[in-house]
Structures are given as C-alpha cells and as structure tokens.
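Below: the structure, in structure tokens.
Only the coordinates and a few stated rules stand behind these numbers; no lab work does. What you see is a predicted model; the values in this text were computed from it and never measured. Using ideal geometry, Cβ is built from the backbone for each residue, glycine included, and neighbour counts are taken over all protein chains shown.
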Amino acid sequence: MLLGGDIGGTKTLLALAGQDQDGRMRIVLERSFASRQYESFDSVLAEFQDEAQRNGHVEPIEGASIGVAGPVDCGRAKVTYLPWQLDAIELSKRIGGAPMLVLNDFAAAAAGLLDPTAIPTEILQHAPTAPRGTRVVLGAGTGLGVAALTCVGEQWKIVSGEGGHMGFAPADQEQTRLRQWLAARNPRVTAERILSGSGLVDVYRFVCSEESGDSADIDLTTRGIDPAAAIATRGLASPESACGHALRLFCAVYGAFAGDLALLYNARGGVFLAGGIAPKVLAALRGTPFLAAFRDKGVHSTLVANYAVQVVMEPRLGLLGALQLAAGRGIAEH
C-alpha cells in the first residue's frame, strides 16, 4: 500500500494506492480537502487515516510521498500560503515508519510526466519530442510552480526550485507600466505576482486603472465569487471587455515566461502547462498572445518554435507523480 499527497494553498489531495502483481498502480481511496479549513496537515492526515480504516484499508503503508506548495529542505517544508509545516521523519512515524518523501509540489508534478502519453493533454504547439529530452512543467494556480524532469544516463531526475519567484521581465511598454503599478504596491515584482489567481485579479485591476471611464466589468467584492474565475469567464465570453484585455495580457506574460523556461532547460522533451488556471483558459492560450510571446526570443525564436507545448488536463498530476515516487519508479529528486 502506498500513500501519495499533493498539498496546495487551496486544496490538498491524498490517496492510497495498491500495486497489482504486474506492477500497475490502483488507487483504492482518494480524498480532496479544503486546505484553509484545517490548522495543520496533521489534522488532514488524521482524518484521512480514520476514513481509510473505516473503509477497511488497514494494510501497512510501504512507501509515501507528499508534494508541498513551498520550498523543501532536508525533508522539512513550510507551505507558502498556509501556516502548515511538515517534517518527513515525524510524518513517517505517523504512518507506521514507512519511508516518507516530502518534496516540492511541482517536483511531484514532474514525476507525473514520466510517461506523458498516459496523461490527457491539449496541444498548443506541435513539435517532435526527444524521448529522453528534458520535460519542463510549470503551472499558475494559487501560486506559480516550476520543475523539470531530465534524463541522466538511464536515470530520470527531477530538478525543482522556486522558479515562480524569479523577477518579472516586461516585454513591452504596457507590461512595463504593469510592473510599475505592481511595484508601487510591493517593490519585489516576481512572475508569480502576475501568473497566479491573485495575479490575474491584479492584472484586471491594472487594466481598469488604465482605461478611461468606468471600465469595470465585474464587481470583485461580490460575496461567493472566485474573482480570478469570474475574470477568466467574462474574458473568454467578451474578448473586448476589460476582463478580455486582462486575460490577453496574462496569457502574453505566461507565454514569455514559459518560453524562457523552455530555453533554460532546452526542453526537447516538451513544455507542459499544469496548475489550475491553464485548462480553464485553454481557448485564450490557443490564441496569439501566448504562443507569440513564447516564440518571441530573438535569435532563438526558431529554437523555441520547435519545442512542443501542451496543457495538462489531468488535475491530479502532482498526486499521481507523488504515488510514482512512493513506488520508487526509477525517478530521483536532484
């Protein structure tokens, strides 16, 4: 029996999986938890363990892996947007002493790309991929995650970090004004300040501040709505609205950032957009702002035009990757 987890600022996924005699993994219990409703990950794990026991899953856990939205150091992690702290040694004790791996959530997502043909995707840019070429995964959601899966000899290795917190590089005058608008509120302007749910809301506010008259399309203070989702929905339905303008600007920044990462890793194995936002704005990503910005790399424009780009439609990529790591499927975190 294996335990896998994917901890995000909005939701936490946990799953128990068994392995068939031929090595195929089979999930026997899976739960989603609203992260902010719990004081700690320990309380989430306890609730999940109680449910597992009630459902008759009392077999000992033989391996576990938990992806965490935040930096990880020697098995210890602090979730970026929650007060939760995790320690692999203590968590191992909680599950009966089985080996426990705590790693960045996008490192787990990268592990989920060990066999990219098994993951449902939508293609944004067609290009041939090298079977052992480096695969880059990034995703805007509550935050902005980045990782890569690279092959060294016969071993696949994960390279993770906090790439979402790299500085934002404006590509034109409008993006320069956006950076200045954000810097007036907080001098450190990172890619995540734009490429996240709260980032899309700020981009919309910037657009409204620039347009004359009352250009607000939606009331961000309406109780019960998700502001980023509302902006994306209105932007897709009404491209000429302020929401549509904000969504195009968001996609342009997203494309430029993805293209920079593709160059950084020479992503001949493909670029994969995961996270909660990309599948919801797929129609906007298919438009020119994203791909035009992705390819706008000067003398290297031809190079990036030959990297495959896909949107991951599987929302549990990180959870599935964590289970792969718990099973020891030939992947190592670098």
- Return the long-range amide H neighbours of Gly112 (sequence gap of 5 or more, or a different chain), with a cut-off of under 5 Å between placed amide H atoms. Gly321
- Query: Mean residue ellipticity at 222 nm from the helices of the chain, using -39,500 (n - 2.57) per DSSP H segment of n ≥ 4 over the full residue count, to the nearest 500 deg cm²/dmol?
  - Reply: -10000 deg cm²/dmol
- Item | the stretch 303-325-the stretch 218-248 distance, computed between alpha-carbon centres (Å) | 27
- Query: Can you sort Asp22, Asp42, Asp217 by how many other beta carbons sit within 10 Å, fewest first?
  - Reply: Asp22, Asp42, Asp217
- Item | Helix 242-265 axis, angle to the chain major axis (alpha carbon atoms, nearest 10°) | 60
- Cα to Cα, under 20 Å, and not fewer than 8 places away if on the same chain: which lysines meet these conditions relative to Lys93? Lys78
- Check Leu101: other-chain or 5+ apart residues with amide H under 5 Å from its amide H, H built from backbone geometry? Ala64, Ser65, Ile66
- Could you please rank Met100, Met166, Met1, Met313, placing first whichever residue has the fewest other Cβ atoms within 10 Å of its Cβ? Met313, Met166, Met1, Met100
- Query: Each residue of the stretch 150-159 in turn: what ³J(HN,Hα) in whole Hz from Karplus with 6.51, -1.76, 1.60 and θ = phi - 60°, glycine and Pro shown as x?
  - Reply: 10, 9, 10, x, 9, 10, 7, 10, 9, 10
- When Arg205, Arg31 are arranged by how many other beta-carbons sit within 10 Å of their Cβ, fewest first, they go Arg31, Arg205
- Query: So what's the net charge close to Thr134: Lys and Arg +1, Asp and Glu -1, counting the other residues with Cβ under 12 Å from its Cβ?
  - Reply: +4
- Task: Return the aspartates and glutamates within reach of Lys280: Cα separation strictly under 14 angstrom, same-chain partners fewer than 8 residues apart disregarded; answer none if there are no such residues.
- Result: Glu122, Asp226, Glu314
- Item | For the stretch 20-34, Karplus couplings with θ = phi - 60° (6.51, -1.76, 1.60), whole Hz, Gly/Pro x | 6, 4, 8, x, 6, 8, 9, 6, 9, 8, 9, 9, 10, 10, 6
- Query: Taking the Cα centre of the chain as the origin, how large is its charge dipole in debye, to the nearest 20, when only Lys and Arg (+1) and Asp and Glu (-1) carry charge on their Cβ atoms?
  - Reply: 460
- Query: Can you give the angle from 0 to 90° between the axis of helix 41-54 and the longest principal axis of the chain, with both taken from C-alpha atoms, to the nearest 10?
  - Reply: 50
- Å³ per residue of the Cα convex hull, for the stretch 2-105? 93
- Query: Taking the Cα-to-Cβ direction at Glu59 and at Asn186 and moving 7 Å from each Cα, how far apart do the two end points lie in nm?
  - Reply: 4.4
- Message: What is the angle, in °, between the Cα long axis of helix 173-183 and the longest principal axis of the Cα atoms in the chain? Nearest 10 is fine, range 0 to 90.
- Response: 60
- Evaluated over the stretch 147-229, the Cα radius of gyration and Dmax, each in Å: 17.4, 60
- Query: What number, in nm² with one decimal, is the all-direction average of the projected area of the convex hull of the alpha-carbon atoms of the chain?
  - Reply: 17.9
- Task: Averaging over all projection directions, find the projected area of the Cα convex hull of the stretch 120-313 and quote it in nm² with one decimal place.
- Result: 11.6
- FRET efficiency estimate (nearest 0.05) - Cβ-Cβ, Ala305 to Val28, R0 45 angstrom: 0.55
